[in-house]
Amino acid sequence: MPEVSEAIYEEIRRAIGQGQPKEAERLVQKALEDGFPAAEILNQGMVEAMRQVGQQYKDGEFFIPGVLAAARAMRSGVTVLEPELVKQNHGKIGLVILGTVEGDLHDMGKNLVGIMFRCSGFEVIDLGVDVSEKQFLTALRENPQASIVCISTLLSTTLPEMRRIVRGLRQADKKKTLKIMVGGAPVTQEFADSIGADAYTENAVDAAELARSFFI
């Protein structure tokens, strides 16, 4: 059985890595029908594929178009997998507000974070890109049950805006229970600490795992 499972997971990883959404969807459906656990399909097949893509991108072996294609294939597989994952999680763990800061129109990283959070049992309100401090605060006011706010950016020029947003969220969090997570290419642990964020991760997979640890 381990050999069989590794074979199907390798096929899923290959389909995602090669940016083949239809094939990824087919293989994930086949794995479910063959009785493989949804969480295992996610972690050993799909998440591992994106880890590999991310590493290849860092190593200069992968470029943005390839990463985007892999992300699209990942989303197609998630579409098949998500209902089963939600069922296994017996409902939602918590509510997450997610957005890319004002002045930044990039959404690839943010979208991957959203996918991973949903697969991990969270309800996600995605504010999109170019999101101002006011928009984050409005979303928090309209959804007081939100337990996490995730702020993303790909541009170093928008780091001051991320700092402003974190400061505004802290002032608005009267109960002092909100967790603020930050990420993106120019963000570092040192910067996250300096602006008062609760958490920083380098990738979407780690972000979802860390968020779950807040509730387990």
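The values are calculated or read from the model by the stated rules, or taken from the named source; none is laboratory data. Given the structure is predicted, the values throughout are model-derived calculations rather than measurements. In this analysis, Cβ positions are derived from the backbone assuming ideal geometry, glycine residues included, and neighbour counts consider all displayed protein chains. Calculation scope for accessible area: heavy atoms of the full protein, side chains included, ligands and nucleic acids excluded. Shrake-Rupley method; radii C 1.70, N 1.55, O 1.52, S 1.80 Å.
Could you tell me whether region 195-215 includes any residue that is modelled with pLDDT of 95 or more, farther than 12 Å from residue 113 by Cβ, surrounded by 15 or more Cβ atoms within 10 Å (Cβ to Cβ) and more than 20 Å from the chain's Cα centre (by Cα)? Within region 195-215, one or more residues are modelled with pLDDT of 95 or more, farther than 12 Å from residue 113 by Cβ, surrounded by 15 or more Cβ atoms within 10 Å (Cβ to Cβ) and more than 20 Å from the chain's Cα centre (by Cα).
Being out of contact with any strand residue (DSSP E or B) (no Cβ under 9 Å at 6 or more places or on another chain) and in a helix (DSSP H, G or I) narrows it down to one residue among 66, 121; which is it?
Values: 121 fails: in a helix (DSSP H, G or I).
The conditions single out 66.
Taking the criterion of being touching an Asp or Glu at 6+ places or on another chain (Cβ under 6 Å) and either modelled with pLDDT of 85 or more or β-branched (Val, Ile, Thr) (or both), would at least one residue in region 57-76 satisfy it? Yes, some residue in region 57-76 is touching an Asp or Glu at 6+ places or on another chain (Cβ under 6 Å) and either modelled with pLDDT of 85 or more or β-branched (Val, Ile, Thr) (or both). The sole residue among 38, 70, 49 that is open to solvent by less than 60 Å² (accessible area, probe 1.4 Å), more than 12 Å from residue 15 (Cβ to Cβ), touching a helix residue (DSSP H, G or I) at 6+ places or on another chain (Cβ under 7 Å) and not polar (S, T, N, Q) is 38. Looking across region 113-144, the residues that are within 18 Å of residue 162 (Cβ to Cβ), crowded, with 17+ Cβ neighbours inside 10 Å and among the aliphatic types (A, V, I, L, M) come down to 113, 127, 129, 131, 139, 140. One residue alone among 41, 12 is assigned to a helix (DSSP H, G or I), under 24 Å from residue 110 (Cβ atoms) and in contact with a Phe, Trp or Tyr (Cβ under 8 Å, 6 or more places away or on another chain), and that residue is 41.
The set of residues in region 155-166 being open to solvent by 20 Å² or more (accessible area, probe 1.4 Å) and out of contact with any Asp or Glu (no Cβ under 6 Å at 6 or more places or on another chain) consists of 156, 157, 159, 160, 163. Residue count for region 124-138 under the criterion of being in contact (Cβ under 8 Å) with a residue 12 or more places away in the chain and part of a helix (DSSP H, G or I): the result is 4.
Screening residue 7 on (1) surrounded by 15 or more Cβ atoms within 10 Å (Cβ to Cβ); (2) part of a helix (DSSP H, G or I) shows it passes everything except condition (1).
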